[in-house]
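Q: Just dropping this structure here.
What follows is calculated from the coordinates using simple rules that are stated; it is not laboratory data. None of these values were measured; they are calculated from a predicted model. Note that we place each Cβ from the backbone using ideal geometry, even for glycine, and neighbour counts take in every protein chain shown.
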Amino acid sequence: MTSLLILPLLLAVHVLSVILWIGGLAFVTTVVLPALARLPAARRIPAFLEIERRFGLQARVLVLVVGASGADMLARLRLARLLGTVHGLWLDGMITFWALFMLLLFVLEPAVLHRRLRERGTRDGEATRVMLLRGHAVLLILALIVVTAAVFGVQGVG
């Protein structure tokens with residue numbers, strides 16, 4: 001593959017992976033969690049965990065692809081010089097958001113969150129669903145802010 005194709009291909013893989021990752025987050029936040037309110041309270045969290053289990057592998061793969069393609073572009077485009085500067089805040093935001101999801105998906109969910117959700121969900125399925133909805137909404141809002149900042153940042157605005 002010629003070097004002229006590598007960067008556009010990396011960018012396409014990166015952007016498509018972000019779309020699928022953040023799109024999945026948006027779907028869970030705006031469709032799945034609100035729809036669970038129609039189930040009996042005792043079934044809400046088990047249903048969420050089943051849906052999340054199916055999407056979890058996809059999300060983990062997407063986050064890894066986003067990290068690998070982003071790191072490769074960071075090196076190829078020599079953008080590391082922008083990190084920690086005003087002009088690189090969009091890069092700092094993307095990397096921080098990505099690191100947060102790495103922590104959530106690869107450490108906190110398997111080690112802590114799933115067990116606590118099961119325990120809390122059996123006691124109060126509705127309160128746990130609302131807590132999940134709020135947490136996902138915060139993550140979605142952060143994602144939309146970071147994506148917007150990145151669009152402005154790559155255009156040299158800001």
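Q: Explain nothing, just the number: relative contact order of the chain, from Cα pairs under 8 Å at least 6 residues apart, as a whole percent.
A: Once normalised by length, the contact order is 36 percent.
Q: For Val107 and Thr148, compute 0.36 nm times the residue count separating them, minus their Cα-Cα distance, and round to one decimal in nm.
A: Gain on stretching Val107 to Thr148: 12.0 nm.
Q: Now for a separate question. Residue by residue through the range 107-123, which ³J(HN,Hα) values in whole Hz follow from phi under the Karplus form 6.51 cos²θ - 1.76 cosθ + 1.60 (θ = phi - 60°), with glycine and proline marked x?
A: Per residue, the Karplus-derived 3J(HN,Hα) values read 10, 5, 4, x, 7, 9, 4, 4, 5, 5, 5, 4, 5, 5, x, 6, 7 Hz.
Q: Provide the FRET efficiency to the nearest 0.05 for the Leu49-Arg81 pair, computing r from the beta carbons and using R0 = 30 Å.
A: Efficiency, from the Cβ-Cβ distance: 0.10.
Q: Here is a further query. To check my understanding: the extent here is largest minus smallest coordinate of the Cα atoms along each principal axis. What are those three numbers for the chain, in Å, largest first?
A: 54, 34, 26
Q: Would you mind working out the magnitude of the charge dipole of the chain relative to its Cα centre, with +1 at each Lys and Arg C-beta and -1 at each Asp and Glu C-beta, to the nearest 20 Debye?
A: With only Lys, Arg, Asp and Glu charged at Cβ, the dipole is about 380 debye.
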